[in-house]
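The values are calculated or read from the model by the stated rules, or taken from the named source; none is laboratory data. Just so it is clear, the model here is predicted, and its values are computed rather than measured. No Cβ is skipped: glycine too gets one built from the backbone with ideal geometry, and neighbour counts run over all protein chains shown. We work out accessible area using only protein heavy atoms, side chains counted, and drop any ligands, DNA or RNA first. Shrake-Rupley method; radii C 1.70, N 1.55, O 1.52, S 1.80 Å.
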Amino acid sequence: MTTATMTAARARTHVTVLVMLGLTHLLNDMMQSLIPAAYPILKEAYALDFVQIGMITLTFQIAGSLLQPVIGMVTDRDPAPYSPVAGMMFTLSGLVSLAFAHSYGVILVSVALIGIGSSIFHPEATRMARYAAGGRQGLAQGIFQVGGQAGGALGPVFAALIIVPWGQPSLAWFAVAALMAMMLLVWIGSRQRQISAEFVAMRSAARKDGRGHVSHAPLTIGIGLVVLTLLMFSKNAYGESFRSFYTFYLMDRFGLSIPSAQMMLFVFLLASAAGALIGGIVGDRIGRYRIIWISVLGPLPLTLVLPYADLFWTGVLTVAINLIMASAFASILIYAMELLPGRIGLIGGLFYGLNFGLGGIAAAILGGLADSYGVEAVYRLCSFLPLAGLLAWFLPRIDEGH
């Protein structure tokens, strides 16, 4: 074994760090998910229409998207391992503000603060997951994603068990989660210097052995990023129809109570967690390109049937759809990192930012459609969105590094 190969072998997968990153992602996204989970209460308390609900989501998502690429570019030049701790401080302040908001304007400011917190958290946390992965990028992003998706799934549960019975002020109780995340992020930040050095040594060894990344032509990078962005929009638009409006759909069509609808939303979002982990692991084995094809286009037959299903099959179909669709994000993120391997922070910020921004735009559009044509019409329209998966045909075929 050459010295370079031995150095590469030492760049192990830091599972403990990845698990802690996944846990902080869980806490971060759990606090975010309290926003849409509280929509039924806010809608009733402030007599909001669906356009105003969509604008809350848009405000949160835009605040969470604009800063992420900028922060990613800055930390690519000067890594800031403790910046996610600062992000949690914004989230903490926004959550407490939302708990005691007494007007629509204060609600918008509160969700904007939570969005800014996420925009600071994601780029550097994504970088750390990349470093801690060693040679198992799919597994690493799967663990990181499963934390975020599981956190997102917990929002409806807490809404049903805590927020609905105790009211809007109970949101302040979740400030404890922000404090826990800060402590974990301080520990993770203290490990970054060592782990990043191992990662750099591994990449250097790979280049010496002829296994390093090739530089892609600007046209290849441009086409790849545009196609990935369009795929993200279609995926997020469909997902946002559930995160923001699924509870209203279930209550309007099947007459469910708020707690029952929130529990069905929890099951739907829990499938995202499983899908994210499965997609990451399988992507390491069969490649990102195939996973993207399967996850974006694959749910189409199920989405077309969903608007006409009864309550039981609605639950089954929504779980299956989200299980498949959620498997895409880790592969999309890693594929983008392979296009620009030296810009981890930028890619992490850009694609998490796209997740926020595109989801917010979709929520605002869907909110207007729901007010004009009804929530059921929105789901019939959204059932065709997976057709955008055909755009994966235009993705450049690149050598996928590990």
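Name the one entry in 275, 298, 283 that is open to solvent by 20 Å² or more (accessible area, probe 1.4 Å) and farther than 18 Å from residue 376 by Cα. Explain how you work it out, then say what you get.
Working: 275 fails: open to solvent by 20 Å² or more (accessible area, probe 1.4 Å); 283 fails: open to solvent by 20 Å² or more (accessible area, probe 1.4 Å).
Answer to the check: 298.
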Practice task
State whether the residues of region 230-246 include one that is under 26 Å from residue 56 (Cβ atoms), open to solvent by 10 Å² or more (accessible area, probe 1.4 Å) and modelled with pLDDT under 80.
Solution key: yes
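Identify, from the list 324, 278, 361, 332, the residue that is over 20 Å from residue 243 (Cβ atoms) and not charged (D, E, K, R). Lay out the reasoning, then the answer.
Numbers: 324 fails: over 20 Å from residue 243 (Cβ atoms); 361 fails: over 20 Å from residue 243 (Cβ atoms); 332 fails: over 20 Å from residue 243 (Cβ atoms).
Selected residue: 278, the only one of 324, 278, 361, 332 that is over 20 Å from residue 243 (Cβ atoms) and not charged (D, E, K, R).
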Exercise for the section: Taking residue 112 as meeting all but one of (1) out of contact with any Ser or Thr (no Cβ under 8 Å at 6 or more places or on another chain); (2) surrounded by fewer than 24 Cβ atoms within 10 Å (Cβ to Cβ), write down the number of the exception. Expected result: (1)
Completion exercise
Cβ pairs under 6 Å, 6+ apart or interchain, first in region 270-293 and assigned to a helix (DSSP H, G or I), second surrounded by fewer than 19 Cβ atoms within 10 Å (Cβ to Cβ) and at pLDDT below 80, ordered by first then second residue, are 288/400
Exercise for the section: Name every residue in region 82-104 that is buried (at least 24 other Cβ atoms within 10 Å of the Cβ), touching a Leu at 6+ places or on another chain (Cβ under 7 Å) and under 15 Å from residue 25 (Cα atoms), in order of residue number. Expected result: 84, 88
Completion exercise
Looking across region 40-64 at residues that are surrounded by 24 or more Cβ atoms within 10 Å (Cβ to Cβ) and at pLDDT 85 or above, the single one that is farthest from residue 102 (Cα to Cα) is 60
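Residue by residue, here is whether (1) of a type in the set (A, V, I, L, M, F, W, C); (2) open to solvent by less than 70 Å² (accessible area, probe 1.4 Å); (3) closer than 28 Å to residue 265 by Cβ holds:
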{"position": "158", "(1), (2), (3)": "yes, yes, yes"}
{"position": "179", "(1), (2), (3)": "yes, no, yes"}
{"position": "183", "(1), (2), (3)": "yes, no, no"}
{"position": "188", "(1), (2), (3)": "yes, yes, no"}
{"position": "199", "(1), (2), (3)": "yes, yes, no"}
Fill in the blank from the handout: Taking first residues from region 32-60 that are free of Cβ contacts under 8 Å to residues at least 60 places away in the same chain and second residues anywhere that are in a helix (DSSP H, G or I) and of a type in the set (S, T, N, Q), the pairs with Cβ under 9 Å that are 6 or more apart or on different chains are 43/52; 56/244
Practice task
Taking only region 134-190 into account, find how many residues are on the phi < 0 side of the Ramachandran plot, small (Gly, Ala, Ser) and not in a helix (DSSP H, G or I).
Solution key: 1
Practice task
Scan region 380-389 and give yes if some residue there is touching a helix residue (DSSP H, G or I) at 6+ places or on another chain (Cβ under 7 Å), charged (D, E, K, R) and at pLDDT 85 or above, otherwise no.
Solution key: yes
Practice task
Run down 247, 220 and say which single residue is under 19 Å from residue 336 (Cβ atoms) and hydroxyl-bearing (Ser, Thr, Tyr).
Solution key: 220
Practice task
Tell me, please, whether a residue that is surrounded by fewer than 19 Cβ atoms within 10 Å (Cβ to Cβ) and under 16 Å from residue 237 (Cβ atoms) can be found in region 306-326.
Solution key: yes
Practice task
Identify all residues within region 286-295 that are surrounded by 14 or more Cβ atoms within 10 Å (Cβ to Cβ) and either in contact with a Leu (Cβ under 6 Å, 6 or more places away or on another chain) or of a type outside the set (Gly, Ala, Ser) (or both); write none if there are none.
Solution key: 288, 289, 290, 291, 292, 293, 294
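To keep it simple, each residue is scored yes or no on (1) in a helix (DSSP H, G or I); (2) of a type in the set (Val, Ile, Thr); (3) in contact (Cβ under 8 Å) with a residue 40 or more places away in the chain.
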| position | (1), (2), (3) |
| --- | --- |
| 85 | yes, yes, yes |
| 88 | yes, no, yes |
| 91 | yes, yes, yes |
| 98 | yes, no, yes |
| 102 | no, no, no |
| 109 | yes, yes, no |
| 112 | yes, no, yes |
Exercise for the section: Just give me the residues in region 330-378 being open to solvent by 30 Å² or more (accessible area, probe 1.4 Å) and among the aromatic types (Phe, Trp, Tyr), in sequence order. Expected result: 373
Exercise for the section: Search region 341-364 for residues that are farther than 15 Å from residue 225 by Cα and pair each with any residue that is aromatic (Phe, Trp, Tyr) and open to solvent by less than 10 Å² (accessible area, probe 1.4 Å) when their beta-carbon atoms are under 7 Å apart and the residues are at least 6 apart or on different chains. Expected result: none
